Each structure stands twice: as C-alpha cells, then as structure tokens.
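The structure appears right after this line, and notes come after that.
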Amino acid sequence: MIDSSLMWRIAGGSGDGIDSTSQNFAKALMRAGLHVFTHRHYPSRIRGGHTYVEVRAADEPVRSRGDGFNFLLALGDSFARNPNEDAYYGNERIKPLVEQLDDLNENGVIVYDSGLLDEETVAETELAERAAENNWHVYPMDLRGLARDHGREVMRNTAGVGATAALLDMDTAYFETLIREAMGGDVMEANLAVLEEAYERAAALETEHNLRVPEGDHGTEQAMMSGSNAIAYAALDSGCRFISGYPMTPWTDVFTIMSQNLPRFGGISEQVEDEIAAAALAIGASHTGVKAMSGSSGGGFALMSEPLGLAEMTETPIVLVEAMRAGPSTGLPTKTEQADLEHVLYTSQGDSCRVVIAPGNLTEAYDQTRELFRLAYDYQLPGILLYDQKLGGEMRSVSTGHFDREPAPDPGSVLTEDDLADAAHDAAGKYTRYAHDGEDGVVPRSVPGQEGGRFLATGNESMPVGHISEDPGNRKAQMDRRLSKLDAIRDELDEAGHQTRHGPDEATHGILTWGSNQDTVFEAVDRLRASGRDVHAMGVSDLMPYPERDVAGFLSGVEECLVVEMNATAQFRGLTQKELGRFGSTMSSLLKYDGETFEPGEIVEGFESTIDGDEPSGNVELQRTTGD
C-alpha cells in the first residue's frame with residue numbers, strides 16, 4: 001500500500017457534476033507533480049441516483065484504487081426522487097453520505113453539505129457515534145448556501161473543492177487555472193469567488209486531522225486519460241478511418257472519442273440502428289480497403305455474432321472492441337465484470353478463427369490495440385479487444401512519451417495492381433483469392449476497383465476464386481489454411497511477449513490474472529512480499545490464440561497458483577485448464593462478481609486465505625482446488 005497517498009472520494013447525485021469535478025481535481029493534483037488514479041461508480045439512471053468518484057494521488061506511480069479512502073466530500077443527491085426514509089429506495093438524498101461510510105478508513109475526514117443534508121437527517125444516521133468509534137473528523141459546511149449566494153447552486157461542487165483544498169493545506173492555484181481554462185465571463189468569475197470563499201471558511205475551522213496531500217514531481221510531461229482514450233488513440237494511429245456503432249455503456253466512450261476525432265483525419269463515423277448493422281457496415285468498409293472498427297458491450301456484441309462469422313469466412317480484416325459489464329441481459333449496465341470471456345472466444349457459428357486480446361492497463365491498451373490492428377490486417381481475420389468498465393472508465397496519469405511513435409497506416413496484406421497482374425486467376429479472369437497454399441494461411445487480398453482483382457466473397461465455404469463449394473477436400477484445405485493463421489500469430493505473439501510478469505521468477509507461489517485486474521494484483525504482490533510471502537504474478541493479455549508457452553512456464557515454477565478474475569464461473573481458470581490441464585490441481589480461484597472492482601487488500605487477504613486455510617471476508621469468493 002502507498003501509505004502517503006491521498007484517497008479522496010466525492011459523492012453526490014447524477015447531474016451534480018461529480019464526474020467533471022473529480023476529473024478537474026485529479027488533473028490539478030497531476031499538474032502539482034503527483035501520480036493519480038481514479039475509480040468511478042455511477043448508477044444506470046440517466047439522471048438521479050447515487051454516484052461517486054475516487055481520486056488516489058501519491059508521489060510515486062499509482063496502479064490501482066486503494067483500500068477504502070480517507071477523505072469524503074459528500075454533496076448529497078440534489079436530484080433525489082424521494083427524500084423519505086420509507087421510500088422504495090430509501091432516502092436517496094442522504095445516500096452519498098451514508099453509503100460511503102463503510103469504506104471510509106479510520107482517522108478519515110468528512111465534509112458534507114449541510115445546506116442539503118440537514119442536521120436532523122444527519123443525526124438519524126448515527127454519524128456522530130460512528131465518527132467517534134473511527135476517529136473521523138467531520139466538518140459540515142453549507143456549500144449549497146454559499147453557491148446560491150454567488151448565483152448558481154450547481155457551484156456547490158466548486159465550493160466543496162475549495163473546502164477540500166483548505167482542509168488538506170493545498171494551494172488553489174491549479175484549480176483556479178482549470179476554472180479559467182474551462183470557463184469564461186461571469187460564470188468563471190462566480191466559480192473563482194466560490195472557490196475562494198469556501199477555502200477561507202474551511203481554513204477558519206478548528207481542525208485536528210493530520211491528512212495532507214503528498215508532494216511530488218514526476219519529472220516528465222504527463223497526461224490524464226482512460227483506457228477508452230488509449231484504445232481510440234491507438235486505432236487512429238493504426239490508420240483506422242471508419243467506425244460504426246450503436247451506443248451502449250461502457251463501449252460508448254470509445255465510440256464517442258473516435259467519432260469526435262475521425263473527421264480531423266479524413267475519417268467517417270456512423271451511428272446506425274443496431275449492432276448487427278454496425279458490424280456489417282464496418283466489415284463492408286474494410287472489404288473496400290479502409291481500416292475499420294466497430295464494437296459494443298455484451299448484449300450488443302451478441303448481435304454481432306453473425307457478421308463476425310462472415311468476417312471469418314470471407315477473411316475480411318476487422319477490429320471489434322467488446323466492453324464487458326455485469327450481465328446476463330441488461331444486468332448491472334454501469335458496473336464492471338469479466339464474464340464475457342467465453343462469449344467472445346466462441347460466439348458465432350463454427351470453429352473460431354480470430355485473435356482476442358485483453359490489455360491489463362492503459363499503456364497496454366494503446367500498445368495492444370495497435371498490435372491487434374496489425375495482426376487483423378496482416379492475417380485477414382477479426383481481431384477483438386476485450387476490456388471492461390474498469391479499464392475503460394478509470395483515469396490515470398501517464399507519461400506522454402509513451403505515445404510518441406509513428407502512425408501505422410499500412411493496409412496489411414493487400415496486393416497492388418502490378419502484383420495482381422502476375423497473380424493466379426481462373427479461366428474467367430477471377431483472382432484466386434482463397435487459394436489453398438497461402439503462406440502462414442494468408443492469401444493477399446485485392447480491393448474493389450483494382451484491375452485483375454475480381455473475386456467472389458460469400459458466407460458459404462468456397463473454392464479458390466470464391467464460388468460456393470461443398471467438396472470435402474476443398475473444405476478441409478480451406479479450414480486448415482484459415483486455422484493455420486493462429487499458429488503463425490502465436491509465434492509472433494510469443495516473440496512480442498504480451499504477458500506481464502511481476503516479482504522474482506523463482507517465487508514458490510503465484511497469482512495469475514487477466515485483463516484489467518493486472519495492476520491491482522501487482523500492488524497486492526508488493527504488499528505480500530513486503531510481509532514475507534514468496535509470491536510473484538503474471539497478467540495475461542493473449543486469450544486467443546492462448547499463450548501456452550508463457551503460462552505453462554509460469555505455472556510450472558510454482559507450488560500453488562491463485563487465479564484472480566471478476567466473474568462467478570472462473571472462466572479464465574477454466575480456459576487455462578482446458579489448454580493446460582496438467583496444472584489443474586495447482587490452481588485455486590479468487591472471484592468477485594458484485595459489480596465492484598477488486599481492492600489490493602482483498603487480493604492480499606484472498607492469497608493468505610489460500611495459504612493459511614482461512615476464508616476471506618467481504619464479497620469475494622475463494623474456490624479452492626479440488627485436485628482436478
């Protein structure tokens with residue numbers, strides 16, 4: 001654990017400006033020289049309902065949310081549908097205060113808006129008694145009244161930031177700069193005045209807490225961005241110039257970022273009527289020679305199954321992104337989960353011929369999205385990027401130097417007209433697009449309009465020029481050729497080394513994970529090693545084709561391995577046992593599927609429970625090995 005970190009949580013109602021305020025708070029801390037990481041929680045309502053964002057800041061790189069938090073700014077929910085305790089969902093107005101308290105660490109600080117949360121209502125929550133038990137320092141402030149005095153109630157979040165700055169002994173200069181950058185005129189002046197007055201009022205309070213903001217200097221230019229930003233920017237740098245989609249949380253972030261930026265690069269974005277149309281439109285664009293992508297979240301991706309199979313059969317390159325959320329069906333549409341793994345690996349009819357990659361963090365999201373575009377267009381098959389609400393929504397500071405590299409507009413294995421003139425054709429002049437003897441399974445493609453490039457593209461099995469064929473020999477040859485691409489891709493990926501290790505190779509115990517849990521696991525490993533546990537970890541990104549060599553090397557070196565994932569059915573552990581059955585008796589699972597992300601402490605406790613024979617607390621489940 002980073003002991004010197006500030007873990008600040010702002011809570012209110014959807015529509016109270018919680019997300020934008022937290023981003024500005026995190027950005028100010030980043031500009032002050034700190035490393036930041038955010039965790040976002042929001043309801044599925046369009047407006048109204050309890051929401052919060054955590055901002056963790058430290059003088060060293062921050063990889064994960066922390067264990068709980070130590071400063072609460074509770075604005076209350078000004079959009080509460082029913083402020084009565086006996087309402088179906090209880091008193092929603094006060095939930096931004098009371099529903100945070102179980103996670104607030106001892107010696108924590110609470111600022112709440114007494115202008116919205118009156119004294120009598122707060123007294124009913126037994127806040128004073130709990131504060132005494134946990135040594136919390138509570139500071140009620142009339143933030144709403146202060147904001148109203150300056151003309152706009154919505155500015156109470158600015159007032160909350162001013163109060164926070166005073167109580168943490170922070171300079172407000174960075175906040176003032178951000179207000180000037182984002183606003184103008186009377187609105188800007190009013191927010192600056194609210195910030196200053198709230199700071200002065202909070203600074204005049206008698207305080208006893210010791211919580212302060214750490215000092216830092218990261219030394220290099222930093223940007224604050226999310227995994228969704230990284231995926232979208234990587235697609236643009238890969239030469240993607242077409243995207244089609246239909247909004248669905250949390251994939252909408254990538255779709256929106258791409259749609260906002262594509263026109264600057266001469267690209268096109270299309271919002272269509274459903275996900276079937278979205279995938280089909282992107283496949284059509286790719287068929288014409290444009291680098292294209294589409295995507296959705298679980299339910300929408302299910303509709304893409306048939307177009308996905310068409311892309312596999314016609315060998316049309318396409319990149320799809322699948323943003324996991326808690327299902328089945330609508331499930332918990334704004335909460336995170338990793339339960340779409342088997343769906344993405346095997347959806348669509350027939351034997352799958354696709355690449356599936358799940359990056360572990362923001363920088364891997366950028367790197368591996370670029371790699372996925374290259375593989376999809378070199379090998380002419382669908383590439384699927386699998387991520388989740390956690391990776392897509394969390395913001396973190398990152399060195400801008402990581403993204404300083406050349407764009408990659410190369411169209412992949414496409415023939416020129418000169419190449420086509422020398423290529424094999426049938427008697428009618430059609431190019432043998434699906435010849436049986438492609439190198440590494442790949443027969444270079446032509447695009448519509450090229451002289452000598454005519455061929456048929458159909459969802460049926462076909463002979464080399466594309467005409468439908470049911471010949472058994474041709475069927476086997478075509479299937480073998482397409483599937484051989486995965487062997488060639490696996491060789492390339494083994495050389496690239498997408499799997500990330502953390503800790504000494506000779507450790508006797510291991511933690512295996514995949515996707516967005518990676519950095520949380522790595523922080524847990526650091527804590528475990530500091531306490532004397534001999535453990536290391538691996539984060540797996542390559543899911544299809546499966547990285548047998550890397551995972552087998554990791555598992556063969558440990559006595560026991562804990563597999564950490566966010567689903568109820570241990571899908572990644574099941575995939576690993578399918579591919580590497582000989583290690584089944586060494587693996588246990590630590591699962592979380594309540595819609596919340598892992599905290600590092602939960603993984604620490606889960607690992608220790610595995611070794612010591614105890615049971616972990618909270619909403620995590622430990623499934624011990626059964627010797628299978």
Quiz item: Listed residues 605, 596, 621; which is surrounded by 14 or more Cβ atoms within 10 Å (Cβ to Cβ) and free of Cβ contacts under 8 Å to residues at least 24 places away in the same chain?
Solution: 605
Quiz item: Name the pairs: first residue in the range 151-171 and at negative phi and crowded, with 24+ Cβ neighbours inside 10 Å, second residue part of a loop (DSSP other than H, G, I, E, B) and of a type in the set (Asp, Glu), Cβ to Cβ under 7 Å, at least 6 apart or on different chains?
Solution: 157/16
Quiz item: Taking residue 342 and the conditions (1) among the acidic types (Asp, Glu); (2) closer than 30 Å to residue 458 by Cα; (3) buried (at least 21 other Cβ atoms within 10 Å of the Cβ), which numbered condition does it fall short on, given that it satisfies the others?
Solution: (3)
Quiz item: Among the residues of the range 424-434, is there at least one that is over 30 Å from residue 466 (Cα atoms), among the aromatic types (Phe, Trp, Tyr), in contact (Cβ under 8 Å) with a residue 24 or more places away in the chain and in contact with a Phe, Trp or Tyr (Cβ under 8 Å, 6 or more places away or on another chain)?
Solution: no
Quiz item: Looking at (1) assigned to a helix (DSSP H, G or I); (2) buried (at least 16 other Cβ atoms within 10 Å of the Cβ), which is the one condition that is false for residue 145?
Solution: (2)
Practice problem: Look through 122, 161 and report the one residue that is within 15 Å of residue 10 (Cα to Cα) and among the hydrophobic types (A, V, I, L, M, F, W, C). | Solution: 161
Quiz item: Inside the range 228-255, can you point out the residues that are more than 23 Å from residue 409 (Cβ to Cβ) and either among the β-branched types (Val, Ile, Thr) or in the same structural domain as residue 33 (by TED's automatic domain parsing) (or both)?
Solution: 249, 252
Quiz item: Counting residues that are closer than 23 Å to residue 75 by Cβ, which helices (runs of 4 or more DSSP H) fully inside the range 157-269 reach at least 2?
Solution: 173-182, 185-203
Practice problem: Take the residues in the range 262-305 that are among the hydrophobic types (A, V, I, L, M, F, W, C) and touching a Gly at 6+ places or on another chain (Cβ under 8 Å), then tell me which one is farthest from residue 417 (Cα to Cα). | Solution: 301
Quiz item: How many residues does the range 303-316 hold that are in contact with an Asp or Glu (Cβ under 8 Å, 6 or more places away or on another chain) and either crowded, with 19+ Cβ neighbours inside 10 Å or under 21 Å from residue 231 (Cα atoms) (or both)?
Solution: 2
Self-check item: Pair list, Cβ < 7 Å and 6+ apart or interchain, from the range 116-130 residues that are in contact (Cβ under 8 Å) with a residue 40 or more places away in the chain to residues that are among the polar types (S, T, N, Q) and surrounded by 12 or more Cβ atoms within 10 Å (Cβ to Cβ)
Solution: 116/78
Quiz item: Among the residues of the range 457-485, which ones are part of a loop (DSSP other than H, G, I, E, B) and either surrounded by fewer than 16 Cβ atoms within 10 Å (Cβ to Cβ) or more than 39 Å from the chain's Cα centre (by Cα) (or both)?
Solution: 458, 459, 460, 463, 464, 465, 466, 467, 469, 470, 471
Quiz item: In this structure, does residue 299 turn out to be surrounded by fewer than 20 Cβ atoms within 10 Å (Cβ to Cβ) and in contact (Cβ under 8 Å) with a residue 40 or more places away in the chain?
Solution: yes
Practice problem: Return the pairs, sorted by first residue and then second, in which the second residue is aromatic (Phe, Trp, Tyr) and part of a strand (DSSP E or B), the first residue lies in the range 51-70 and is free of Cβ contacts under 8 Å to residues at least 60 places away in the same chain, the beta carbons are less than 6 Å apart, and the residues are 6+ apart or on different chains. | Solution: 54/69; 55/8; 56/37
Quiz item: Counting only residues that are aliphatic (A, V, I, L, M) and assigned to a strand (DSSP E or B), which one in the range 1-37 is surrounded by the fewest Cβ atoms within 10 Å (Cβ to Cβ)?
Solution: 6
Quiz item: Pick from 376, 365: which is farther than 29 Å from residue 34 by Cα and modelled with pLDDT of 95 or more?
Solution: 376
Quiz item: Of the residues that make up the range 540-559, is at least one over 20 Å from residue 323 (Cα atoms), free of Cβ contacts under 8 Å to residues at least 24 places away in the same chain and of a type in the set (Gly, Ala, Ser)?
Solution: yes
Quiz item: Would it be correct to say that residue 529 is surrounded by 17 or more Cβ atoms within 10 Å (Cβ to Cβ), of a type in the set (Lys, Arg) and under 28 Å from the mean Cα position of the chain (by Cα)?
Solution: no
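Let's see how each residue does on (1) farther than 25 Å from residue 450 by Cα; (2) among the aliphatic types (A, V, I, L, M):
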{"position": "235", "(1), (2)": "yes, yes"}
{"position": "246", "(1), (2)": "yes, no"}
{"position": "250", "(1), (2)": "yes, no"}
{"position": "281", "(1), (2)": "no, yes"}
{"position": "284", "(1), (2)": "no, no"}
{"position": "299", "(1), (2)": "yes, no"}
{"position": "308", "(1), (2)": "yes, yes"}
Exercise. Please find, within the range 91-139, the residue that is modelled with the lowest pLDDT out of those that are over 21 Å from residue 41 (Cα atoms) and small (Gly, Ala, Ser).
Key: 123
Quiz item: Which one of these is part of a loop (DSSP other than H, G, I, E, B), farther than 17 Å from residue 360 by Cα and either at pLDDT 95 or above or among the basic types (Lys, Arg) (or both): 532, 574?
Solution: 532
Quiz item: Across the range 270-311, which residue is farthest from residue 369 (Cα to Cα) among those that are hydrophobic (A, V, I, L, M, F, W, C) and assigned to a loop (DSSP other than H, G, I, E, B)?
Solution: 272
Quiz item: Any chance the range 42-50 includes a residue that's surrounded by 17 or more Cβ atoms within 10 Å (Cβ to Cβ) and part of a strand (DSSP E or B)?
Solution: yes
Practice problem: Considering only residues that are surrounded by fewer than 20 Cβ atoms within 10 Å (Cβ to Cβ) and out of contact with any Lys or Arg (no Cβ under 8 Å at 6 or more places or on another chain), look in the range 487-499 and name the one that is nearest to residue 540 (Cα to Cα). | Solution: 497
Exercise. Assess whether residue 372 counts as being among the hydrophobic types (A, V, I, L, M, F, W, C), in contact with a Ser or Thr (Cβ under 9 Å, 6 or more places away or on another chain) and surrounded by 22 or more Cβ atoms within 10 Å (Cβ to Cβ).
Key: yes
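The values are calculated or read from the model by the stated rules, or taken from the named source; none is laboratory data. Treat the numbers as computed from the prediction; the structure is a model and nothing was measured. Methodologically, a virtual Cβ is constructed for each residue, glycine included, from the backbone with ideal geometry; neighbour enumeration extends over all protein chains shown.
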